[in-house]
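The values are calculated or read from the model by the stated rules, or taken from the named source; none is laboratory data. If you're wondering where the values come from, they're calculated on a predicted model, not measured in any experiment. Counting neighbours? That spans all protein chains shown, and the Cβs are built from the backbone with ideal geometry, glycine included.
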Amino acid sequence: MVFGVSVDQRFIDTGEFTRLGRQLQGQVELQSLSRLVSDLPDQGGAKASWDVRGLQDAAGQAMLEVRVTATLILECQRCVQPMAWPVEAYSRLLVVESEEGLEARDDLAESPDDWVEPVLASARLDVLELVEDELILALPAIPLHAHCEHPAGPADAPDDAPERVSAFEALRRLKKN
């Protein structure tokens, strides 16, 4: 079952949602996600598309699958100009019934590829908070254009600057002597 989302439909009962295998999808304006945009440039009218599905895995555990696609406007940390950052995020969340269940999943022997993020079961889980979390996690630590020249890069270096020699070249020269 697929549902469009309105303000009052953005909350789900995780038990019912996963047990019935429901799906909810929609779009949200990036500017309305305050935690996401607090340190970002203006996102204009850009939107994120999202899809949340409830399911039960082979062991009968309640799961949520969250997919989000968007193009965020970030500021390149090299040239300080706006840049588009496409995001295609996916995560699978294990719905747990208690706070202890959140901590019980911290098994250090488990492979990071097999680990599933737990989320606390709720009769009123805000789906847009999950969407916002996915977008925040997709932000790069240091956004940079792929082929951006640093403002104080090689073009600004003085002509009489000493030539930089790699450590391996210096070792080769020492070996010769």
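No other residue among L55, L94 is at pLDDT 90 or above, in contact with a Lys or Arg (Cβ under 8 Å, 6 or more places away or on another chain), surrounded by 14 or more Cβ atoms within 10 Å (Cβ to Cβ) and not in a helix (DSSP H, G or I) apart from L94. Show the residue pairs that are 6+ apart or on different chains and have beta-carbon atoms under 9 Å apart, the first residue being within the stretch 120-135 and on the phi < 0 side of the Ramachandran plot and without any contact (Cβ under 8 Å) to a residue 40 or more places away in the chain, the second being in a loop (DSSP other than H, G, I, E, B) and surrounded by fewer than 16 Cβ atoms within 10 Å (Cβ to Cβ). Pairs that qualify, where the first residue is on the phi < 0 side of the Ramachandran plot and without any contact (Cβ under 8 Å) to a residue 40 or more places away in the chain and the partner is in a loop (DSSP other than H, G, I, E, B) and surrounded by fewer than 16 Cβ atoms within 10 Å (Cβ to Cβ), are L120/E97; L120/S98.
Listed here are the residues, each with its yes/no results for (1) under 22 Å from T14 (Cα atoms); (2) part of a helix (DSSP H, G or I); (3) modelled with pLDDT under 90.
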| residue | (1), (2), (3) |
| --- | --- |
| V68 | yes, no, no |
| V80 | no, no, yes |
| E88 | no, no, no |
| D106 | yes, no, yes |
| E110 | no, no, yes |
| A123 | yes, no, no |
| A146 | no, no, yes |
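Within the stretch 32-44, not a single residue is aliphatic (A, V, I, L, M) and either in contact with a His (Cβ under 6 Å, 6 or more places away or on another chain) or assigned to a strand (DSSP E or B) (or both).
Looking across the stretch 1-38 at every residue that is among the charged types (D, E, K, R) and within 18 Å of E129 (Cβ to Cβ), the one that is modelled with the lowest pLDDT is identified as D8. Answer yes if at least one residue in the stretch 153-171 is assigned to a loop (DSSP other than H, G, I, E, B), surrounded by 10 or more Cβ atoms within 10 Å (Cβ to Cβ) and modelled with pLDDT of 70 or more, and no otherwise. Scanning the stretch 153-171 turns up no residue that is assigned to a loop (DSSP other than H, G, I, E, B), surrounded by 10 or more Cβ atoms within 10 Å (Cβ to Cβ) and modelled with pLDDT of 70 or more. Within the bounds of the stretch 64-81, is there any residue that is of a type outside the set (A, V, I, L, M), surrounded by fewer than 18 Cβ atoms within 10 Å (Cβ to Cβ) and on the phi > 0 side of the Ramachandran plot? No, the conditions are met nowhere in the stretch 64-81. The C-beta contact set for the stretch 6-26 (first residue assigned to a loop (DSSP other than H, G, I, E, B), second residue hydroxyl-bearing (S, T, Y) and modelled with pLDDT under 95, distance under 9 angstrom, 6+ apart or interchain) comprises D13/S122. Among residues of the stretch 47-75 that are closer than 14 Å to L94 by Cβ and without any contact (Cβ under 8 Å) to a residue 40 or more places away in the chain, those with a Cβ under 9 angstrom from a residue that is of a type in the set (S, T, Y) and part of a strand (DSSP E or B), sequence gap 6+ or separate chain, pair up as E65/Y90; E65/S91.
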